[in-house]
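For reference, the structure is listed below as structure tokens.
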Amino acid sequence: MSEYFHSVTLDKDACRGCITCVKRCPTEAIRVRDGKAQIIKERCIDCGECIRVCPHHAKHAVTDPLSAIEQFKYKVVLPPPSLFGQYKRQEDLELIRAALHELGFDAVFEVAAAAELVSEATRRMLEQGDPKRPVISSACPAVLRLIRIRFPNLLENVLPLSAPMEVAARLAREKAVDKTGLKPEEIGVVFITPCPAKATAIKNPMGTEKSNVDLAVSTSEIYPVLLAAMNKCAKEGTGPDTAQSGRTGLSWGNSGGEAAATFTVRYLAADGIENVINVLEEMEDDRLSDQDFVELNACPAGCVGGVLNIENPYVAATRMKQLRNYRPVACNSLQGEAVPSEILWDAEVKPIKALGLNSQPKHSLKMMRKIDEIESRLYGLDCGSCGAPSCRALAEDIVLGFSTEDACIYLLKDKVEAVRSSMLSLKIDSRDKSGEHQ
């Protein structure tokens, strides 16, 4: 397997070596060493929390420039539901679609339309009793990678369905091929991403061998040019609003929208990566067995809270609710009674061994004992001054050879104080001996 692609990167010139990101990273994937933050790639889930909290804007997401669409003969754009909550002018979704055409896209395929198909597939699978209860949504790639790294035992609970982005991309490409007669590779499918995790999922997909999406353009990049195009289209006028999706699909942009679309009364929805971790820990302890479905979003308020969005997530969420009031319940449905194989995963999603100490259990146990020993000597303050998120993490870094006990400022202070006391004692002894000789 090729090296894992990360869309979250560090600008070392902008980094001041503060520990804000270190303390907030959900997988303890960041350390400050030599005055700069360093990302442990194996542990990073691309949730974007470090981008959100960095006071120096030293973290960035790698996405594709809008100009990259020019390499394709036919260009299809996939706007996610969260995009519609970024703009005040929502009286007509056709205005946004017309503006996307104005930017050079030949076709618009709403991800919300595919979300309605995934919702129906979810309902069918819940009725059939699979997978293991409570069922965990597989829609958020950051949460799915978190489960693979920190909660591998819960993978059997994850819904084995492709995310709406992937379903939309496949359907959009098929539709474009039928319409144009072009080869599939001549058609560019572009997703407007609200978060870095989805950009990563395109390069390193989970549940499928290859993503159907060609490019990921951030919402923050397209926002200003799309706004200008919307103003132009508003003056020129647009055609009638041909609804591609209804309330069911658009609800996916907000936390709880996917869960509500399952039509089950026993569901739980959590957003924000810290809350997600708390829910997963409770699931590991078998304290949520009374739930049928669990929707988890790494971003606060759901996809509208993605770090690559522009609008305040709660303002955007309110706009989404208002927008849904004027839509039909759904505009898309599956054919037949079985869940289509095209929506199911076609590749196994396996645990990621990023937190292990050693591949040999015997050596791991020995290292664990050493970590416990070192941690017992530390102060247990979890201050982060050493560049690690906790005393336990520092002890682990020491055992792995990435740090030393001198990194702890309190232990270092103790050593300095001990040296100082020793020197004072020697000085006093020297004076006493000098007085005796006199």
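The values are calculated or read from the model by the stated rules, or taken from the named source; none is laboratory data. Small disclaimer: the values here were computed from a predicted structure and weren't measured. No Cβ is skipped: glycine too gets one built from the backbone with ideal geometry, and neighbour counts run over all protein chains shown.
Taking first residues from region 10-25 that are farther than 9 Å from residue 59 by Cα and partners that are among the polar types (S, T, N, Q), the Cβ contacts under 8 Å between residues at least 6 apart in sequence or on separate chains come to 19/385. Taken together, the residues in region 101-138 that are touching a residue at least 24 places away in the same chain (Cβ under 8 Å) and not in a helix (DSSP H, G or I) amount to 16.
A quick yes/no check of all residues on (1) surrounded by fewer than 24 Cβ atoms within 10 Å (Cβ to Cβ); (2) part of a strand (DSSP E or B); (3) acidic (Asp, Glu); (4) not assigned by TED's automatic domain parsing to the domain that holds residue 104:
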{"site": "149", "(1), (2), (3), (4)": "yes, no, no, no"}
{"site": "185", "(1), (2), (3), (4)": "yes, no, yes, no"}
{"site": "199", "(1), (2), (3), (4)": "no, no, no, no"}
{"site": "223", "(1), (2), (3), (4)": "yes, no, no, no"}
{"site": "229", "(1), (2), (3), (4)": "yes, no, no, no"}
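Restricting attention to region 352-393, which residues are of a type in the set (D, E, K, R) and either outside any loop (DSSP other than H, G, I, E, B) or over 27 Å from residue 142 (Cβ atoms) (or both)? Across region 352-393, the qualifying residues are 362, 366, 369, 370, 372, 373, 375, 377, 392.
The residue pairs whose first member lies in region 33-45 and is modelled with pLDDT of 90 or more, whose second member is among the polar types (S, T, N, Q), and whose beta carbons are closer than 6 Å, counting only pairs six or more residues apart or on different chains, are 43/27; 45/27.
This table checks each residue for (1) touching a Leu at 6+ places or on another chain (Cβ under 6 Å); (2) of a type in the set (D, E, K, R); (3) surrounded by 22 or more Cβ atoms within 10 Å (Cβ to Cβ).
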position	(1), (2), (3)
72	no, no, no
88	no, yes, no
97	no, yes, yes
104	no, no, no
125	no, no, no
129	no, no, no
141	no, no, yes
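When 388, 354, 316 are screened for being touching a helix residue (DSSP H, G or I) at 6+ places or on another chain (Cβ under 6 Å) and assigned by TED's automatic domain parsing to the domain that holds residue 150, only 316 passes.
The set of residues in region 99-133 that are among the small types (Gly, Ala, Ser) and either outside the structural domain of residue 82 (by TED's automatic domain parsing) or more than 24 Å from the chain's Cα centre (by Cα) (or both) comprises 99, 104, 107, 129. For region 278-307, a residue qualifies if it is of a type in the set (A, V, I, L, M), touching a residue at least 24 places away in the same chain (Cβ under 8 Å) and either more than 16 Å from residue 50 (Cα to Cα) or not assigned by TED's automatic domain parsing to the domain that holds residue 119 (or both), and the qualifying residues are 280, 283, 288, 294, 296, 301, 304. Scanning region 231-246 for residues that are surrounded by fewer than 18 Cβ atoms within 10 Å (Cβ to Cβ), at pLDDT 80 or above and small (Gly, Ala, Ser) yields one hit, 234. The set of residues from region 1-45 being among the hydrophobic types (A, V, I, L, M, F, W, C) and under 12 Å from residue 389 (Cβ atoms) comprises 19, 21, 22, 25, 29, 30, 32, 37, 40. I'd like to check something: does region 90-98 contain any residue that is on the phi > 0 side of the Ramachandran plot, at pLDDT below 95 and in the same structural domain as residue 292 (by TED's automatic domain parsing)? No: region 90-98 contains no residue that is on the phi > 0 side of the Ramachandran plot, at pLDDT below 95 and in the same structural domain as residue 292 (by TED's automatic domain parsing).
Residues being on the phi > 0 side of the Ramachandran plot and not assigned by TED's automatic domain parsing to the domain that holds residue 383 are represented in region 45-52 by at least one member.
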